[in-house]
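Chemist: Could you have a look at this structure, given as structure tokens, before my questions?
The values are calculated or read from the model by the stated rules, or taken from the named source; none is laboratory data. Predicted model, so just to flag it, every value in this text is computed and none were measured. Using ideal geometry, Cβ is built from the backbone for each residue, glycine included, and neighbour counts are taken over all protein chains shown. Just the protein is used for accessible areas: all its heavy atoms, side chains included, with ligands, DNA and RNA removed. Shrake-Rupley method; radii C 1.70, N 1.55, O 1.52, S 1.80 Å.
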Amino acid sequence: MRIHTKAVHAGDRSKAGDYIPVTSPIYTAASYFYQRLEKLDRIFAREEEGYCYARYGNPTNAALEELVAALENGAGALACSSGMMAIQTALLAALTDRPKRVLAAEALYGATITLLTSVLEPLGVETRFVDACDLAAVERALEQHRPGCLLVETISNPLLRVAPVDRLAERARAAGACLVVDNTFATPLLVRPLELGAEFVVHSATKYLAGHGDVLGGVVVTTTEHLETLRALARASGPGLGPFESYLTMRGIKTFPLRMERQCTNARRIALWLKEHPRVERVFFPEDERHPDRETVTRLLPGGLYGGMVSFEIRGAGRDEIFAFMDRLRLIVRATSLGDVHSMILYPAMSSHREVAPKQRERMGIRDNLVRLSVGIEDVEDIVEDLAQALL
Ligand SMILES: Cc1ncc(COP(=O)(O)O)c(C=O)c1O
């Protein structure tokens, strides 16, 4: 099956019985039991597949997990309460039987940096950062730091660097480290990291997968080798998504490839338009001929699909001018998040990268005149007109 077909069919309608619901029902039960206690005992012992307690598994979540695993071509998945919970759970699973050291890309979502430095580091997980697009630097860091895992974003937040996931997987494996990839920005329509050798893929399902701004969720997808470790961790720590959110996420995913294609097309048009605008100093978009990761873009991204995100710097603007520009927007929603059907804009220095110290932000190349646009599925000319009237 191909991705548009999987998005509509995987996970649903697979249960045999007298009647088969066309969509997976929302199971709210915290516990399950059977006619005979023997069966429950076998399920608790994991000698038989089945449900016993919601922290150990729930049929609504199982349907979503089957769906996302199919999209990413993984062996199985775990639906989590947020993207951050998915990242944390994937890291803990990856480090279970490996050295408690993480090598992380410098270009990461702000909260992921905070998770590494303020939550995991005090617990003894040592993190070093590296430019994940510089393979020689990654090789050196793997050699010196000897990490248990390498963590990168396929397309980074917010400067849209594109990580050479295939090459990183080779290097990580040779050094005995697990590659964990946050595929939130790229989505499985553009890149499927497990096919390129990664061992864990994480998503903030809040974004493109659910896509409607009405659910917070995350997913970890992994290979056969790590699936039981991931599930055992979940049984012990309970990171799971609620069944209502699972249902909403599944409902969203049915149209995800269609929405994403449209968002990619709209984003290309907007990136080109912004490039010509006199108030715009610089546009960050993977299709750009001068994109620093041009070779990786050509090798890993399908033609015409460069993601639905466009970041840009406004000439001579500081915080006040950026706020004034954003306040003038009438259609584009000025709120944190991305990947929704509606276009959204945020100021990284205020939101996504607020917790990163200003000096580190500057080193990361996130300047105070940068805004990040998540392009929606609207008529692209309406988005362009809104930007035009606000970019005085
Ligand atoms: C790339 C990336 N990963 C992870 C997250 C965290 O996801 P959530 O907000 O669902 O916890 C975000 C949130 O913006 C993100 O942009």
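Chemist: Give me the percent of accessible area attributable to carbon and sulfur for segment 256-390, probe 1.4 angstrom.
Modeler: Of the solvent-accessible surface of segment 256-390, carbon and sulfur hold 48 percent.
Chemist: Explain nothing, just the number: dipole magnitude of segment 3-253 about its Cα centre with +1 on each Lys and Arg Cβ and -1 on each Asp and Glu Cβ, in debye rounded to the nearest 20.
Modeler: 200
Chemist: Say we join alpha carbon atoms closer than 10 Å with springs in a Gaussian network model of the chain; which of D327, D41, D134 then has the biggest fluctuation?
Modeler: D41
Chemist: Take F323 and E139, extend 7 Å from each Cα along the Cα→Cβ direction, and tell me the distance between the two endpoints in nm.
Modeler: So the two model labels end up 4.9 nm from each other.
Chemist: How much accessible area per residue does the chain have, in Å², with a 1.4 Å probe?
Modeler: Per residue, the chain has an accessible area of 44 Å².
Chemist: Let me ask something else about it. Say we join alpha carbon atoms closer than 10 Å with springs in a Gaussian network model of the chain; which of L189, L230, L272 then has the biggest fluctuation?
Modeler: The residue that fluctuates most here is L272.
Chemist: Then there is this: Which of the listed residues, T255, T229, V380, is farthest toward the dipole's positive end in the chain, when Lys, Arg count +1 and Asp, Glu count -1 at the beta-carbon?
Modeler: T229
Chemist: Related question: In segment 133-241, if the dipole is taken from +1 on Lys/Arg beta carbons and -1 on Asp/Glu beta carbons about the Cα centre, which of V152, T184, G238 is farthest to the positive end?
Modeler: The residue sitting most towards the positive pole is G238.
Chemist: Let me ask something else. E355's amide H: which non-local residues (gap 5+, or another chain) put their own amide H closer than 5 Å, with H modeled 1.01 Å from N in plane and none for Pro or chain starts?
Modeler: Counting only residues 5 or more places away or on other chains, the set is empty.
Chemist: Just order 372-382, 123-133 by mean Cβ neighbour count inside 10 Å, highest at the front, would you?
Modeler: Ranking, from highest mean packing down: 372-382, 123-133.
Chemist: Using only Cα atoms, locate the centre of segment 335-362 and the centre of segment 29-84, then give the distance between them in Å, rounded to an integer.
Modeler: Between the Cα centre of segment 335-362 and that of segment 29-84, the gap is 35 Å.
Chemist: Also: Give, rounded to the nearest 20 debye, the magnitude of the charge dipole that segment 1-91 has about its Cα centre when Lys and Arg contribute +1 at Cβ and Asp and Glu contribute -1 at Cβ.
Modeler: 120
Chemist: So, one more: What's the magnitude of the charge dipole for segment 120-238 around its Cα centre, counting Lys and Arg as +1 and Asp and Glu as -1 at the beta-carbon? Answer in Debye, nearest 20.
Modeler: Charge dipole, segment 120-238, about its Cα centre: 100 debye, nearest 20.
Chemist: Let me ask you something else. How many percent of the accessible area of segment 191-245 is carbon or sulfur, using a 1.4 Å probe?
Modeler: Answer for segment 191-245 is 54 percent, counting heavy atoms of protein chains only.
Chemist: Using a Gaussian network model of the chain whose springs link C-alpha atoms within less than 10 Å, name the residue from R140, R161, R173 with the highest mean-square fluctuation.
Modeler: Of R140, R161, R173, the Gaussian network model singles out R140 as fluctuating most.
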